Structures are given as C-alpha cells and as structure tokens.
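Comments concern the structure below.
The values are calculated or read from the model by the stated rules, or taken from the named source; none is laboratory data. Given the structure is predicted, the values throughout are model-derived calculations rather than measurements. Here the Cβ is made from the backbone with ideal geometry for all residues, glycine too, and neighbour counts use every protein chain on show.
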Amino acid sequence: MRAAPLLLLALLAAGPARAVQPNEVLPDASLEHRAREISAGLRCLVCQNQSIDDSDAPLAKDLRLIVRERLKAGDTNQAVEDYVVRRYGEFVLLRPVFGLHTLLLWATPLLAILLGGFGIWRLSRRRAPPPERRLTAAEEAEVAALMRRD
Amino acid sequence: MLVETGHFALALALALSLVQAVMPAWAARAGEPALRQVAVQAALGSFACVLFAFAALTYAHATSDFSVQNVVDNSHTAKPFIYKISGVWGNHEGSLLLWVLILTLFGACVAVARNAVPPVLRANTLGVQGFITFVFVLFMIATSNPFARVMPAPVEGRDLNPLLQDAGLAIHPPLLYVGYVGFSITFAFAVAALIDGRIDAVWARAVRPWTLIAWSFLTLGIAMGSYWAYYELGWGGWWFWDPVENASLMPWIAGTALLHSTVVMEKRDALKVWTVLLAILTFSLSLLGTFIVRSGVLTSVHSFATDPTRGVFILGILILFIGGSLTLFAWRAPLLRQGGLFAPISREGSLVLNNLFLVAACATVFVGTLYPLLLEMLTGEKISVGPPFFNFTFVPLAVPLLLIVPFGQALAWKRGDALAAAQRLFAAMAAALVVGLGAAALHWGGPVLAPVGVGLGAYLIVGSALEIVSRARGYGASRARGAAVIGRRALGLPRSAWGTATAHAGVGVVVLGIAAQGWATEGLATLKPGGTLAAGPYVATLDRVAPRTGPNYEETVAYLTIRNRAGDEIGHVETSKRFYPSRQMAVTESGLLTVGASQVYASLGEIQPDGAGLRLYHKPYVLLIWLGAVVMALGGGLSLTDRRMRVGAPVRARAKGLPPSAVPAE
C-alpha cells in the first residue's frame, strides 16, 4: 500500500506530457521562435480544436518535431507548412487557405458590412420625410372658418 | 420516492406550461380578459413544479442515491460535497433541468411583474414563454429523463469528469444559463408584439430590464468560463475560439446589439422592426448555442447520430423556434409602423453603426464556426477554422466599433455635430496617445499592436469618464463652473447614464488586459530540485516534487518559490498532476500567483525521476480581462437600478399633471 503513490508517480511519468517539452526546444532561438509561430497555426489532428503547440497528444509531438526538423534543414515557414499539408491535408491548417471553397468564409466580414451598409443606405433614403402637400381648397376653407371663430 | 415525485412534478409542469401557452390566445379569442389571469397562475405553478423537480434531483445527488442513473453516471461517494451539488448540472439531463428551472423562474418573474408590463403584452409574453417551457420539458421527459432509475443499484458511482470538478464550473453554467434563458423573455416579448401587431416605446421600456439582466449574466458567465479555461486547461490562453466558446459569444454579441437598439427604440421610437428581429436572432443563437454544444455536432458531423432521437428532437426544436419566429416576423413585421427620423450623424446614427459592426462580427463568428461543418456535408472536404482566422477577421471589425463608442456617446440625439463631439473627446484622444506612446517607449522593440491596444483601452476609459463630466457640466446657459457643482450634478445623473459609462469603461479595461498580453513572457525547462526558471521579472525555484492524496484523487505536486529578479521572495506556488482513479483520468492543475493585476502562472509538465518539466508564464495585467467583464456587468446592473426601470413604476401617480417633457430626457 505504501508503494501506491510511488507507483502512481511512475505511471504519471510515463503518461502524456504537456505541449512543447524542454528537450524539443531548438538551441537556435530565432529558429525556435519560428517553430512556435508555425506550431500555433497547425491543428492537432486527434484533439478538439487545439494547436500542436498547445496539445499534449503524441501525434502533436511528432508534428512539432517534424516542424523543427524541416526548419533545421533550412526550409522557409511556408515550405514547412506546405510539407505538413502535403502529408496531412488542408485540415491541419487552423487558418484555412484562401480558395474557391473558402471564398464565402473569408468574404463574410466584408460582405456583412457591405450588405448591412447598403441596407441602411436604402432604408435611410426611403424614409426621407414625405414632400409637403398643399392643402385642398376644402381644407383651406375649413382652416379659414376655424380662424374666424377665434 | 422523492425521485418519483420529482419526475411527477416535471410531468405536472408539462401540463401547466401547456395551459400557460394556450390560455392567452383563448382569452383573446373568447374576448374574456379574465382568462388571461390563468396564464399568470400557470406560470407560477410550473415554476413551483420545476423547482421541486430540481430539488429532488439535487437531493438524490447530495445523498449519492445510486439507484438513479444520472447520479451513478456523474457522482462518487468520495467526491467533495460542493461538486456533488454542481454535479447536478454537470451533465446533459441535469443541465437541461437547470435550463428549464431558469426559464420558468423568468416566467414567474414576468407573471409577478404586474405593473411593469401592460396586461395584454404580459399575457401574450407568458403564452410564448409557456410554449417554450412546454417543448423543453417534453424534450426532457421524452429523451433525457434525469430521474431514470437503475436496477440493481451499483455500489459506487462513476464520478464526475475531473475537469468539471472545479469551483469555476460550479457557477459558470448557472450564470451562462441565466444569460441564455433571459433572452427567451426578450424573444417572447418580440413574438408577442408580432402577434399583437403593435410595438412602441412602452414595449421597449418593458423589454429593456430583461435584456439587461440576461446580458449582464451572460457577460459574467462568459468571463467565468474564460477564466476557468485559463487556469484549468493549463496552457495559459484565455480565449481559444473553440466552437463551444463561440456558441456563447454569438448570443452575447447579438444581445449587445439588441441592448443598444432597444435604447434607440425607447428614446426615439425608431429601429422597431430591427429590434424585434434582433430579439428573435439573439434567442435563436442562444438555442443554437445550448443545443449545438449538447448534440456534439460541432466536433464531428457523425456524433450527431449517436443518439438519433435526441438529435432529431433538437433539430425539430431549432426549426420550430427559429424557423417559426422568422416566418412570423416575415408575415407580421410589415404591420409594425416605423417612427422617429434622424440624421446620419446623430446618436441614433452611431448606434446603427454599432449594430452594423456587431452584426458583422456575429456573422463572422457564426460562419467561421459552422463553415467547416457545412463544407464537409456538402463536398466532403475537411478544413479547420481556428484562432488565426478569427483573430484576423474579428479584430478589424472590433476596433472601429470600439473607436465609435465614446464618439457616439458625445453625439446628440436626432442631429449631432461631429466636430463638436471630436472636440469634447480631445482629452480621451490625448490620453490614448500619451498612454500608447508611453507603453511603446517602455517596451521598445516589443510587439507593435500591444501599445496600440493599450492606447485604445485608455481612450475608452477616459471617453466614458468624459461622458459623465460633460453631461454633468451641461451646455449653453446652464453650463456649470467649478468642480463642486459638476460633482454634485454628476451624482444626480440618472443611474442609466452611470451604467452606460461604467459598462463602456469596462470594455476599455478588457481591451487593456488583452493588449497587455502582447508582453507576456514564457519560460520552459526541465528542473531538478533547486533549479530555477525565469519568466519576465520573476524567477521560480523548484523546491521539491512530492506525491499527495486528495479526497478522490492522487497527485504529484511541484512546490515552487517565486522570487523577483533582485532575489526577494514574492510567494509560493504549487502545480500538480492529478490522477482520478474512478475515471482513470489525469489532469494538470496549474499554480497561480497574483501580483496586483498580473499573474505568475506555473504548469507542471513531464515528471522525470530526477526532476520535472515546468512551464512558467508571466502574464502582465491579465486579470484586467475578467475584471473588465465584471465592470461591464456592473454597468448593466447599475442601469437596472435606474428609476424608470424599477418595477412598480410609481412615477405614474407622482408625475400626474406634468407635461411629458418633465421626464428626464435620458
């Protein structure tokens, strides 16, 4: 029974680790900075909406190592991303590429502002105060009658 | 026995809510106004029934009654008592029951608020509300019964998900639900107005308190959830643009737009049709938020089908309420008369602009959240829409919106003077420039956007203060001189003016907190006992790593001492890895040390025989993010205490004989 906590310690040690581990960090600070930048934009494929930079899944760790290896080999950020996308598909990018299939997605903010602005403009024109109407002869007479009574 | 009685009470609530739904319509048809009173009694009755059902379930959880399936699935004898209580709503069935409890509570409030709402509007609102209650209780009884028994009863329960065993999670859902469900009242008011075919400033005045309550609670709920994610998930982010978060953000944005458009309607009788549409959209988004999250459809299209009855029922509810109310809107909205003209540059104009940006932001979040789902259904292509997309699209919409906040407040109703408003804001702009440049000079070579954000925050806070000052000072002949006079007049301003200024200043505080995260620093290392790790101005020393036993978990704790760069001790922090044997789950508990509004954040990584992986963050002024949200909610609360919001409206008797202009214009 006394051994239980120790056993637990061992179990935990073997368990998943959290996000970037000290032994993964590249010695070159600027390369490591770029690696972190790229990692933040890559999705951990087995997690719910986590980047590989945040995830502690083994697959995320593999991806982080791949990113760092490519960087060490002299790839540009774009080349690393392309490499990962070639292997895992577009799903891996947290920022979707701009293309025909994502046109509506990327256009939404601008479209919403333009459509809304157009709608407001139309409404404000339609709701301009109506033109003044002259009184009819009958109304004029009535007004005159009322005025006389005072 | 109590459990069965609770189940029966729920069935009774179903019947009562049907009565509540039908009676107002019957009263109108039969021309028998007395029948309306039945809806009021039914609303009170169904609240009492649901309250009893909720108490029964809570009792079952508190006493660990393992003959109830819901308790077996979510409780454990060793679980601390507070989590036995919060476990009631830490699951699908229980959270639905909480949802309905709050729904009927709001219904009961409307039923009791006799003088605040005109009788016909009140009856119709209760009718719509009763219908919502009916559908939800039906859903619960048909597919998600929290009172189902299990035979034979197991000896031990399966425990609550460890991530949910947290004080934050005990209060987060109730706050969030008061927000979500509060918008159901606004929705019911809007539908009632559409049925009646009439809408006016009285409607706007009746609706505003409910919108304010819902909005304030939703603000608190979202902030609470964000803070929980920050300290519990263990990697120090405070907003992840997760679909679940987006689901709560969308009704909040729409609700914010609604809050502002009701102001225009109440003051100027304009934007009526738009306000009604916003009320419908806000609650629709709340429904979508509650159920899309519950159904699991966001994580995968396929999980929707895991429980087909529930999935289809949920889809039915969404179509019924969203589709039904929008159809009603298309049919009846043309009947609503438009009023109140205004020039483009005016308070109304700025509020229209506010609504435009808010709705665009809401649409962006909506499309971003649902786009991957739709694309996969239509073409089979899988894409991800994550934080980089939302940051790139949301921020450019939020910044202009924030820029016009003080500006709009400085404009007059109906027709404003842009130049004069800009002059009145001179101090705010100067403050923004000074603070922004100061921040940039202090952190030369750091991120570019952070000082800009700090400047924006200062602009918002000073702008809100200026609003109070310039209103207290007055204009033209009555312009006050001397600080004493201005101070006295400021105290005499309506509470809603203070509420507005407070809420807007709160936004500024949030912006400050967010901007300051640009200067957050992070350290990462494997430490042996005695080893040190630095982040920003602080250095952590690992004292020891030791196992510890909690009530229903085992943990390995890293004890840290935090010192500043000069070597003075600031405090101690513990971070641990917990293991819950009942669920075979491990979670990381981060350690926090608060210094002013800043925090040192430690998170334990891999444990090795001779040390531990450790992550240390310095998060400057991070608490401002959530404190700002609390200030915003406080502003909402302040507005609620405004004289004209007070339920009971004693003004009518007192103001008799006075011309309408004697009522304060704001």
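Figures for the structure shown
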{"item": "Verdict on A:Ala57 being of a type in the set (Gly, Ala, Ser), closer than 30 Å to B:Leu614 by Cβ and either surrounded by 11 or more Cβ atoms within 10 Å (Cβ to Cβ) or touching a strand residue (DSSP E or B) at 6+ places or on another chain (Cβ under 9 Å) (or both)", "result": "yes"}
{"item": "Filter result for the condition that a residue is over 21 Å from the mean Cα position of the chain (by Cα) and crowded, with 21+ Cβ neighbours inside 10 Å, over B:Val135, B:Val117", "result": "B:Val117"}
{"item": "B:Tyr559 vs. criteria over 30 Å from B:Arg158 (Cβ atoms) and in contact with an Asp or Glu (Cβ under 7 Å, 6 or more places away or on another chain)", "result": "yes"}
{"item": "Residue match in the stretch B:152-174 (condition: touching a residue at least 60 places away in the same chain (Cβ under 8 Å), assigned to a strand (DSSP E or B) and among the basic types (Lys, Arg))", "result": "no"}
{"item": "Selection from the stretch A:99-130 of residues that are in a loop (DSSP other than H, G, I, E, B), more than 8 Å from chain B (Cβ to nearest Cβ) and surrounded by 13 or more Cβ atoms within 10 Å (Cβ to Cβ)", "result": "none"}
{"item": "Candidate set: the stretch B:54-75, residues that are buried (at least 18 other Cβ atoms within 10 Å of the Cβ) and among the β-branched types (Val, Ile, Thr); chosen: the one nearest to B:Met1 (Cα to Cα)", "result": "B:Val68"}
{"item": "Failed item, numbered, when B:Thr561 is tested on (1) touching a Ser or Thr at 6+ places or on another chain (Cβ under 8 Å); (2) more than 12 Å from chain A (Cβ to nearest Cβ); (3) crowded, with 19+ Cβ neighbours inside 10 Å; (4) among the hydroxyl-bearing types (Ser, Thr, Tyr)", "result": "(3)"}
{"item": "Selection status of B:Ser464, in the same structural domain as B:Gly635 (by TED's automatic domain parsing), under 30 Å from the mean Cα position of the chain (by Cα), polar (S, T, N, Q) and at pLDDT 90 or above", "result": "yes"}
{"item": "Index of the failed condition, B:Met377 passing every other in (1) within 14 Å of chain A (Cβ to nearest Cβ); (2) surrounded by 15 or more Cβ atoms within 10 Å (Cβ to Cβ)", "result": "(2)"}
{"item": "Tally of residues being surrounded by 12 or more Cβ atoms within 10 Å (Cβ to Cβ), among the hydroxyl-bearing types (Ser, Thr, Tyr) and either away from chain B (no Cβ under 14 Å) or touching a helix residue (DSSP H, G or I) at 6+ places or on another chain (Cβ under 7 Å) (or both) across the stretch A:68-98", "result": "1"}
{"item": "One residue from B:Val40, B:Val3 being more than 19 Å from B:Thr143 (Cβ to Cβ), in a helix (DSSP H, G or I) and of a type in the set (A, V, I, L, M, F, W, C)", "result": "B:Val40"}
{"item": "Segments classed as helices (runs of 4 or more DSSP H), wholly inside the stretch A:1-73, with at least 2 members that are at pLDDT 75 or above", "result": "A:29-40, A:58-72"}
{"item": "Subset of the stretch B:319-359 (residues that are within 12 Å of chain A (Cβ to nearest Cβ), out of contact with any Ser or Thr (no Cβ under 8 Å at 6 or more places or on another chain) and within 27 Å of A:Leu104 (Cα to Cα))", "result": "B:Val352, B:Leu353, B:Asn354, B:Leu356, B:Phe357, B:Val359"}
{"item": "Matching entry among B:Val545, B:Val573 (being crowded, with 16+ Cβ neighbours inside 10 Å and either within 12 Å of chain A (Cβ to nearest Cβ) or within 17 Å of B:Asn161 (Cβ to Cβ) (or both))", "result": "B:Val545"}
{"item": "Filter pass, B:Val434 being closer than 13 Å to B:Gly349 by Cα, aliphatic (A, V, I, L, M), assigned to a helix (DSSP H, G or I) and in the same structural domain as B:Val469 (by TED's automatic domain parsing)", "result": "no"}
{"item": "Selected residue [within 11 Å of chain B (Cβ to nearest Cβ) and within 23 Å of B:Asp242 (Cβ to Cβ)] from A:Arg64, A:Arg36", "result": "A:Arg36"}
{"item": "Options B:Gly591, B:Gly536, B:Gly605; residue that is surrounded by fewer than 20 Cβ atoms within 10 Å (Cβ to Cβ) and either among the small types (Gly, Ala, Ser) or touching a His at 6+ places or on another chain (Cβ under 6 Å) (or both)", "result": "B:Gly536"}
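Results for (1) under 23 Å from B:Val631 (Cβ atoms); (2) surrounded by fewer than 23 Cβ atoms within 10 Å (Cβ to Cβ), shown as yes or no for each residue.
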| position | (1), (2) |
| --- | --- |
| B:Trp413 | no, yes |
| B:Gly436 | yes, yes |
| B:Ala441 | no, yes |
| B:Gly455 | yes, no |
| B:Ala465 | yes, yes |
| B:Gly474 | no, yes |
